[in-house]
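Here is the structure we will look at, set down as structure tokens.
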Amino acid sequence: MLTDLLDHNIKWATERRREDPDYFKKLSELQRPDYLWIGCSDSRVPANVITGLKPGEVFVHRNVGNLVHRGDLNLLSVVEFAVEALEVKHIIVCGHYGCGGVNAAMDGHRHGIVDHWLQPVRDVAESADGQLSKITDRETRLNRLCELNVAAQIDSLARTPIIRSAWQRGRDIRIHGWIYGLNDGLIRDLECGVSGNEPRPSGQIQTIHSA
Ligand code: CO
């Protein structure tokens with residue numbers, strides 16, 4: 001029921017004010033998160049909840065399949081604001097195993113507009129076909145593609161003028177590649193992260209975990 005949500009909100013706000021009478025005053029006056037989160041829209045992967053970050057501590061952008069389309073004005077606006085105004089130090093691209101977006105990209109069915117959105121996932125799958133086709137179990141193959149997709153989106157993000165320019169100016173921004181397991185609630189670092197002082201990732205990440 002929608003009224004439950006509003007009732008919960010009143011309780012939550014009352015509790016925050018009870019803990020700190022100035023909680024909302026302080027929060028409304030300053031936003032200075034250290035982290036930008038780029039994740040999947042999937043309702044089971046809420047950035048704040050799974051990382052324990054409070055309001056004000058992470059700037060969030062989510063879309064189907066945690067994609068970095070370099071023509072996506074929504075994402076680019078978020079990234080630019082996070083980098084230039086908020087001066088975040090870490091950008092986390094977090095995918096998840098069992099991603100419905102990645103599955104939809106590969107299931108061979110027509111879904112609508114989202115098929116256009118998911119084209120980069122099919123591109124990743126095509127370029128990694130050599131290793132993916134060796135994985136006989138479909139779920140394992142899809143989960144591997146979820147990992148490769150994170151690495152590809154990091155590469156895409158690292159090539160944007162926003163990030164290149166920030167690195168050229170000596171900004172200390174690190175991009176991290178993480179993946180979340182719906183089955184166990186744990187985040188794995190795919191160790192495909194990159195910063196301005198390092199070569200860009202090749203997209204060839206190790207399989208370090210299974211879902
Ligand atoms: Co997903």
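Annotations
- Lysine pairs in the chain whose alpha-carbon atoms fall under 26 angstrom of each other, counting only those eight or more residues apart or on distinct chains, come to 8.
- Take the Cβ atoms of Thr3 and Asn183, set R0 to 30 Å, and the FRET efficiency comes out at 0.35.
- Burial order of peptide ranges 96-107, 165-176 (average beta-carbon count within 10 Å, highest first): 96-107, 165-176
- Accessible area of the stretch 1-132 divided out per residue, in Å², using a probe of 1.4 angstrom: 58
- The Cβ shell under 12 Å around Arg16 holds other residues with a net charge of +2, Lys and Arg each +1, Asp and Glu each -1.
- Calculated on the Cα set of the chain, radius of gyration then Dmax: 18.5, 59 Å.
- The chain, relative contact order in percent, only Cα pairs under 8 angstrom and at least six apart counted: 19
- Here the chain has 52 percent of its accessible surface on carbon and sulfur atoms, given a 1.4 Å probe and all protein chains in place.
- Packing-based order for 35-48, 143-156, using average beta carbon neighbours within 10 Å, highest first: 143-156, 35-48
- Helical segments meeting 27 Å axial Cα length and Kyte-Doolittle -0.5 threshold in the chain (DSSP H): 138-158
- Two-site label geometry, Leu53 and His111: point separation in nm, points 7 Å out along Cα→Cβ: 2.5
The values are calculated or read from the model by the stated rules, or taken from the named source; none is laboratory data. Everything numeric in this text was worked out from a predicted model, so none of it was measured. Positions of Cβ are backbone-derived with ideal geometry, glycine not excepted, and every protein chain shown enters the neighbour counts. Quick note on the areas: whole protein, heavy atoms, side chains included, nothing else; ligands and nucleic acids left out. Shrake-Rupley method; radii C 1.70, N 1.55, O 1.52, S 1.80 Å.
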